[in-house]
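Colleague: Pasting a structure below so you can have a look.
The values are calculated or read from the model by the stated rules, or taken from the named source; none is laboratory data. The model shown is predicted, which means the values in this text are computed figures rather than measured ones. Here the Cβ positions follow ideal geometry from the backbone for every residue, glycine too, while neighbour counts run over all protein chains shown.
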């Protein structure tokens, strides 16, 4: 009996020591992993100024590579009224960096202090600035993409589908840089702000454009600093994807949170976001791009695309998968 008790005591001691060592191992391992993750998320260059305004700043995370790396530029959402470059997802950032793709995240001017198209011009300037730093920052300026959600998606598509805005005769070398993209991703992105188009294709738009304090006619006029419908439509046609797309434009990955046949929301608090991020924006852009023979991957609940998500889309387009 004593021998049996001794045996159990030794076994209990062994288990206790083993579990203690395992706990210490896991504690230090987790701590080390978290520390490495935190280090990976520190930007290589932070709050770099790309223009004269206080919000003309960006962060850059350089992927670890001896060869020049592809670059994606993130543009935050917020209805052109709010948001920050800090809104970039840490998980998505890690996945890009682990794939050998560098990442930039930008701030831009916001309304009402700076009506549109100020945000679009800032996106262009940030893109040209980043390209001008390609040699210094080990970036491949021939492999540049852009992505964003909501308002950020609108600016991303503007950069992708607008004619090249490089000013080749400029004395400023930054202005001589190209604004053309390899590819673009839009997350819940409106592809136009044309009021008549919205009334025709997006359920509930008529009421929104009449009654919503952020998206009624007067609010949209103020957003674009327009006094007449003619002025408003001119800026819309110069900045939004459905009017800009031409056969020589790059491929796009679009993602929306609803299917085309989804019913109108019962919750009044969801109506605004449901309308301004409606999947029909993507459906109609895809129809136009299909006619031009340009790849337009459209992902929504129940849809089938060859990409698991927009990061894989970028990786394939950059030859990283």
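Each row is one residue, and each column tells you yes or no for (1) at pLDDT 95 or above; (2) loosely packed, with under 14 Cβ neighbours inside 10 Å; (3) closer than 23 Å to residue 318 by Cβ.
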residue	(1), (2), (3)
250	yes, no, yes
277	yes, no, no
281	yes, no, no
284	yes, no, no
293	yes, yes, yes
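Colleague: Only residues that are surrounded by 20 or more Cβ atoms within 10 Å (Cβ to Cβ) and not in a helix (DSSP H, G or I): list them for the stretch 204-223, please.
Modeller: Once the filter is applied, which keeps residues that are surrounded by 20 or more Cβ atoms within 10 Å (Cβ to Cβ) and not in a helix (DSSP H, G or I), the stretch 204-223 yields only 215.
Colleague: Could you list, in sequence order, the residues of the stretch 263-277 that are in a loop (DSSP other than H, G, I, E, B) and out of contact with any helix residue (DSSP H, G or I) (no Cβ under 8 Å at 6 or more places or on another chain)? If you could, list the steps in order and put the result at the bottom.
Modeller: Start the filter on the stretch 263-277 by keeping residues that are in a loop (DSSP other than H, G, I, E, B), which leaves 263-267, 277.
263, 266, 267, 277, listed by residue number.
Colleague: A further question follows. Touching a strand residue (DSSP E or B) at 6+ places or on another chain (Cβ under 7 Å) and part of a loop (DSSP other than H, G, I, E, B) - does that describe any residue in the stretch 246-255? Please lay out each step first, then the result.
Modeller: Restricting attention to the stretch 246-255, the residues satisfying the condition of being touching a strand residue (DSSP E or B) at 6+ places or on another chain (Cβ under 7 Å) are 250-255.
Narrowing the set further to residues that are part of a loop (DSSP other than H, G, I, E, B) leaves 250-251.
Checked against the condition, which is being touching a strand residue (DSSP E or B) at 6+ places or on another chain (Cβ under 7 Å) and part of a loop (DSSP other than H, G, I, E, B), the stretch 246-255 yields at least one hit.
Colleague: Restricted to the stretch 74-89, and to residues that are within 18 Å of residue 145 (Cα to Cα) and in contact with a helix residue (DSSP H, G or I) (Cβ under 6 Å, 6 or more places away or on another chain), which residue is surrounded by the most Cβ atoms within 10 Å (Cβ to Cβ)?
Modeller: Taking the candidates together, the pick is 75.
Colleague: Check residue 192 against each of (1) surrounded by 18 or more Cβ atoms within 10 Å (Cβ to Cβ); (2) in a loop (DSSP other than H, G, I, E, B); (3) free of Cβ contacts under 8 Å to residues at least 60 places away in the same chain and name the one condition it does not meet.
Modeller: Failing condition for residue 192: (3).
Colleague: Restricting attention to the stretch 168-176, does a residue exist that is within 19 Å of the chain's Cα centre (by Cα) and modelled with pLDDT of 95 or more? Please lay out each step first, then the result.
Modeller: First, pick out the residues of the stretch 168-176 that are within 19 Å of the chain's Cα centre (by Cα): none.
No, the stretch 168-176 contains no residue that is within 19 Å of the chain's Cα centre (by Cα) and modelled with pLDDT of 95 or more.
Colleague: Could you tell me which of the residues 54, 95 is closer than 30 Å to residue 235 by Cα and either surrounded by fewer than 20 Cβ atoms within 10 Å (Cβ to Cβ) or not assigned by TED's automatic domain parsing to the domain that holds residue 182 (or both)? Spell out how you get there, then give the answer.
Modeller: Working: 95 fails: closer than 30 Å to residue 235 by Cα.
Exactly one of 54, 95 is closer than 30 Å to residue 235 by Cα and either surrounded by fewer than 20 Cβ atoms within 10 Å (Cβ to Cβ) or not assigned by TED's automatic domain parsing to the domain that holds residue 182 (or both), namely 54.
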